[in-house]
Structures are given as structure tokens and as C-alpha cells.
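Structure first, commentary second.
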Amino acid sequence: MGHADFFPNGGFIQPGCPTNSGCSHSRSNQYYIESITSNAFRSKNCSSYGEFLAGNCDLNAEAFMGNGVSTDARGNFYLQTNEESPFAQG
């Protein structure tokens, strides 16, 4: 199966979603739908979300999350999204 894992916003509560709701989980469908037309969910390979936020992965490999992800992508990839559509930050 897949060799790349994507963690938008660290993989936890998504921006614009209240805590303790199904919003964060269902947001994955919205991200995927947007990825079909935008291909703008740019992510960075990184060892952790904290390292990503600190800018320690800026020079690492990148991949686009969602539709059309490269079959060469390997590892854990992190990205940030907007609170509402359009979610991708490019």
C-alpha cells in the first residue's frame, strides 16, 4: 500500500473545526476533493510536526497531498491548511 503518510496541521484538530466533533475527520474528504482541482497541498518530509513548525525541514523532500501524489513519495509529510476553503496554502 502507501509509503507516504500525510499529517495536515499535525494530524490533530483541524483549523476551523470545534474540538470533540467529527469535523476534523470529515475534513479529509474536503481536502481530497480540493486536491483534485488544485494540486496545491504542498507538504514537507519531516520527523515530526514540531520540527516542521520550527522550519527544520524546509530543505527536505516535498510531496503534494491528495490526488496525484507521487508514487515515489516516502515517509511522513506535514503541511498546514487554511480554516476554510480553499484549504490548500500552495
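The values are calculated or read from the model by the stated rules, or taken from the named source; none is laboratory data. Bear in mind the structure is a predicted one, so any value in this text is a computation, not a measurement. So basically every Cβ, Gly included, is an ideal-geometry build from the backbone, and we count neighbours across all protein chains shown. SASA here: full protein model, heavy atoms, side chains in, ligands and nucleic acids out. Shrake-Rupley method; radii C 1.70, N 1.55, O 1.52, S 1.80 Å.
Assorted remarks:
- The set of residues in the stretch 71-82 that are more than 14 Å from Glu34 (Cα to Cα) and touching a residue at least 60 places away in the same chain (Cβ under 8 Å) comprises Ala73, Arg74, Gly75, Asn76, Phe77, Tyr78, Leu79, Gln80.
- Residue satisfying all of: in the stretch 17-40; part of a loop (DSSP other than H, G, I, E, B) and of a type in the set (S, T, N, Q); nearest to the chain's Cα centre (by Cα) among these: Asn39
- Residues (assigned to a loop (DSSP other than H, G, I, E, B) and in contact with a helix residue (DSSP H, G or I) (Cβ under 8 Å, 6 or more places away or on another chain)) located in the stretch 41-59: Phe41, Cys46, Cys57
- Condition check for Ser21: over 14 Å from His3 (Cα atoms), touching a residue at least 24 places away in the same chain (Cβ under 8 Å) and open to solvent by 30 Å² or more (accessible area, probe 1.4 Å): no
- Enumeration of residues in the stretch 31-52 that are open to solvent by 70 Å² or more (accessible area, probe 1.4 Å), of a type in the set (A, V, I, L, M) and touching a residue at least 12 places away in the same chain (Cβ under 8 Å): Ile36
To keep it simple, each residue is scored yes or no on (1) open to solvent by less than 20 Å² (accessible area, probe 1.4 Å); (2) at pLDDT below 95.
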residue: Ala54; (1), (2): no, no
residue: Ala61; (1), (2): no, no
residue: Ser70; (1), (2): no, yes
residue: Arg74; (1), (2): no, no
residue: Leu79; (1), (2): yes, no
residue: Gly90; (1), (2): no, yes
